[in-house]
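Please read the structure below before turning to the comments.
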Amino acid sequence: MVGEPGFIIGGIRPDESTSYSISVTTPGTYGIAIRAASGASGGTAEVQLDGAAIAAPTALGSTGGWWAFESTDLGTVNLSAGAHTVDVFWGAGQSNFDRLDFVLLDEAFACRVSAGSVSWTDDGQSKYWIYRSTDGGASWSWLGRTLGATSFVDTRPVVGVKYQVHYAGIPRVECTIDAEPVLAGDTFACAINPTTGVIVWTDAGQSKYWIYRSVDGVTYTWLGRTVGSTAFADVNPPTGATYQVHYAGYPRTNCSTQVGSVNPTPVPPTATPVPPRPTPVPPTATPVPPTPTPEPDCGSAAQQAEDGALAGNMRILNDSRAVGGQFVGAPAVGADEPALNLAHRAEFCVDVLHAGTYFIDARVLTPDDDSTSFWVGVDDEPPVLWAIDATRNVWVDDVVSGGEGADPAGFALNPGQHLVRF
């Protein structure tokens, strides 16, 4: 690393430069990344080693704030043992400069994927980032990150998905696919009887299934969930409604409108089918549709805030700077309101495959210096108060901690599904 921890060089203008002397003890190929921030149009930087340019001037661009630092990969360079001079020349625009990262690539970094399980070369890094593409590599979305671990499991693998892995100082590396996931969904099917509203589906041996309904054939809303059962009844089905069913690790499946024999467990013949619920609906002459409590769709370790189950005054808002252009806004808590109010919450279901201590990464923005904290809880454990440094309307990545200045909060989780609540 080139740069002093805890300090930056601010207000850099065009045609300025900085120079550094470094000493290399281990010769080899190094990946280089520059870490800078800009609340304006950003700028360009050219890095030279011993008077020779490592790469062409690189555009850094705006990061959304003067303290929103981001790393930009500059490629690789071969370094011999001994003393070297590194110069950074700044072009058009303005930037704050944090540091240069030199990372020794002692072997070719590579990653492989087998049925959604991603593994890669151990380059001794504290953080690795994983990305996924479902359109053949045309666009990529962030899937997750590890804190030093060299493997990651995509809990919702799909045939044909591509993956990339990288760490600070090297560009993303596309992974070799050794084996595609084998999904029970090759034979998974569901069917709806539009007269009775009974939906049945293949028994895939899952502990939970989720059911969705659409009245326009385009937008689907969560209708209910069963705990292992392979049948569900919509007690008041709208005319022309369509349905989907899915389980953790498999995408939603459109249900046919013909009653089939996909369910080996027959639905009890009743005049008015009653949906499986923890609290059964008593049979009446006129069925009363239940009012379900919104429940999150259980998914992977990386989820968008707007995909959670929202309650109270939590609301989806638009911001072009947010991933996907949307985010969840939390209501301000007044002085006369309780410190913890579960009426206003966003909930996310996460499917965990391996027991261990997990940390929660989040991308957050604080509109002012007073609105800077969340309560965060997992399952029925007491929530922690996550105090965030004021970002002043800039999106930043942070890790949920147990309080102001505290270390990241670790959550001990066993395999299975867990509810994360903000």
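The values are calculated or read from the model by the stated rules, or taken from the named source; none is laboratory data. Given the structure is predicted, the values throughout are model-derived calculations rather than measurements. Positions of Cβ are backbone-derived with ideal geometry, glycine not excepted, and every protein chain shown enters the neighbour counts. Remember, those area values only see protein heavy atoms, side chains included, never the ligands or the DNA or RNA. Shrake-Rupley method; radii C 1.70, N 1.55, O 1.52, S 1.80 Å.
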(message) Please go through segment 126-178 and give me each residue that is over 14 Å from the mean Cα position of the chain (by Cα), outside any loop (DSSP other than H, G, I, E, B) and charged (D, E, K, R), ordered by number.
(response) Lys162, Glu174, Asp178
(request) Scan segment 74-86 for residues that are part of a strand (DSSP E or B), at pLDDT 85 or above and either in contact with an Asp or Glu (Cβ under 7 Å, 6 or more places away or on another chain) or open to solvent by 30 Å² or more (accessible area, probe 1.4 Å) (or both) and jot them down. (result) Asn78, Ala83, His84, Thr85
(message) So for segment 45-68 (the condition being part of a strand (DSSP E or B), open to solvent by less than 40 Å² (accessible area, probe 1.4 Å) and at pLDDT below 80), does at least one residue qualify?
(response) no
(message) Any residue at all in segment 91-102 that's open to solvent by less than 40 Å² (accessible area, probe 1.4 Å), more than 30 Å from Tyr20 (Cα to Cα) and either out of contact with any strand residue (DSSP E or B) (no Cβ under 8 Å at 6 or more places or on another chain) or of a type outside the set (Lys, Arg) (or both)?
(response) no
(message) Out of the residues in segment 106-115 meeting the condition of being at pLDDT 85 or above and within 22 Å of the chain's Cα centre (by Cα), tell me which one is most open to solvent (accessible area, probe 1.4 Å).
(response) Arg112
(request) For segment 15-32, enumerate the residues that are surrounded by fewer than 22 Cβ atoms within 10 Å (Cβ to Cβ) and aliphatic (A, V, I, L, M). (result) Ile22, Val24
(request) Could you please let me know if Asp123 is open to solvent by less than 30 Å² (accessible area, probe 1.4 Å) and outside any strand (DSSP E or B)? (result) yes
(request) Consider Gly410 carefully, then state whether it is modelled with pLDDT under 80, within 30 Å of Trp66 (Cβ to Cβ) and out of contact with any Lys or Arg (no Cβ under 7 Å at 6 or more places or on another chain). (result) no
